[in-house]
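Since the structure comes first, as structure tokens, the remarks are kept for the end.
The values are calculated or read from the model by the stated rules, or taken from the named source; none is laboratory data. All of these numbers come straight from a predicted model, not from anything done at the bench. Quick reminder, even Gly has a Cβ in these numbers, built from the backbone with ideal geometry, and neighbours come from all protein chains shown.
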Amino acid sequence: MELHPLSGSLGAEVSGVDLNDVSADLFEEIEAAFVDHHVLVFRDQDLDPQAQVNFGRLFGELDTHPFVHMNAEHPEVLDVITEADDITNFGGGWHTDVTFLGEPDLGSLLYAVDVPTFGGDTLFANQHAAYDALSDTMKGMLEGLVAVHSAGPQYAEGGLSTKSKAMVTKNADRALEKVEHPVIRTHPRSGRKGLYVNKAFTIRIKGMRRDESDALLNFLFQHGTNESYTCRVRWESGTLTMWDNRSVQHFALYDYAGQRRHMRRITVTGDTPR
């Protein structure tokens, strides 16, 4: 197995690996690289849904999305299909997956089945690097703050994701439920601290006035996605990219109007952010 960094901040392309045949020793290497680089890209993989599920299960129990209908034959698999006439963009905008859950997913594994001839890249931002770049004064102020997260802006009635044709949403009545997570999260494996707020699901900071909360969150949203903390993944059919939701935000670009894109996603269950 060889690693080829994608940027100075995060991400690595992995070569010499067939994800249909991962030994215990190879998995240890992949898992260590995952913690170190936060985003791993595997090219030229031939994965059917069951093979993707089998690889994902090496990392832990797989999750199902509470607000999106999953694949009928493989309930852990979410097919995200953007048809040529669809102008919506599931996954557009910077976010960390499912932080509206009490135990958000550990990571996501996205496989490219059919990609446009151009466009459709995904951007990733390293939230450990974003935290490290803050002043000591700002770090001290953020320590101990708690943020409120909700699926409402995306999955409640009329939410942004309910308008997407790329998948079918459900349970809109449950989307307004709220959970609380620390603004600064410590990674359970590496021990590194990182920002843990995102524009899609973080709605306010607990104990602050609305204008105070908005001002601080807007700064953190912008700071956390600064170009210097990012990498970019260009998709090809047969590419699998996996990312650590405890460490990164991501943004699926929609710049391929008139073309079809079929991605297959699975997610690994996580733990309570601390």
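Between 152, 140, which is free of Cβ contacts under 8 Å to residues at least 24 places away in the same chain and either farther than 30 Å from residue 234 by Cα or charged (D, E, K, R) (or both)?
Only one candidate qualifies: 140.
So, in the range 20-48, of the ones that are under 25 Å from residue 230 (Cβ atoms) and assigned to a loop (DSSP other than H, G, I, E, B), which residue ends up nearest to the chain's Cα centre (by Cα)?
38
Can you work out which of the residues in the range 133-149 that are in contact with a strand residue (DSSP E or B) (Cβ under 8 Å, 6 or more places away or on another chain) and outside any loop (DSSP other than H, G, I, E, B) is surrounded by the fewest Cβ atoms within 10 Å (Cβ to Cβ)?
Looking at residues that are in contact with a strand residue (DSSP E or B) (Cβ under 8 Å, 6 or more places away or on another chain) and outside any loop (DSSP other than H, G, I, E, B), I get 146.
If we scan the range 176-197, do we find a residue that is over 23 Å from residue 67 (Cβ atoms), of a type in the set (S, T, N, Q) and at pLDDT 95 or above?
Within the range 176-197 (the criterion being over 23 Å from residue 67 (Cβ atoms), of a type in the set (S, T, N, Q) and at pLDDT 95 or above), the answer is yes, since at least one residue qualifies.
Considering every residue within the range 49-58, establish whether at least one is in a loop (DSSP other than H, G, I, E, B), β-branched (Val, Ile, Thr) and modelled with pLDDT of 95 or more.
No: the range 49-58 contains no residue that is in a loop (DSSP other than H, G, I, E, B), β-branched (Val, Ile, Thr) and modelled with pLDDT of 95 or more.
Hand me the list of strands (runs of 3 or more DSSP E) wholly inside the range 179-274 holding 1 or more residues that are basic (Lys, Arg) and buried (at least 16 other Cβ atoms within 10 Å of the Cβ).
Filter on the range 179-274 gives 184-186, 193-195, 202-205, 261-268.
State all residues of the range 106-122 that are crowded, with 22+ Cβ neighbours inside 10 Å and either aromatic (Phe, Trp, Tyr) or part of a loop (DSSP other than H, G, I, E, B) (or both); if no residue qualifies, say none.
111
Being among the small types (Gly, Ala, Ser) and touching an Asp or Glu at 6+ places or on another chain (Cβ under 7 Å) is the filter here, so list the residues in the range 66-81 that pass it.
Matches in the range 66-81: none.
Does residue 44 count as modelled with pLDDT under 90, more than 23 Å from residue 171 (Cα to Cα) and surrounded by fewer than 15 Cβ atoms within 10 Å (Cβ to Cβ)?
no
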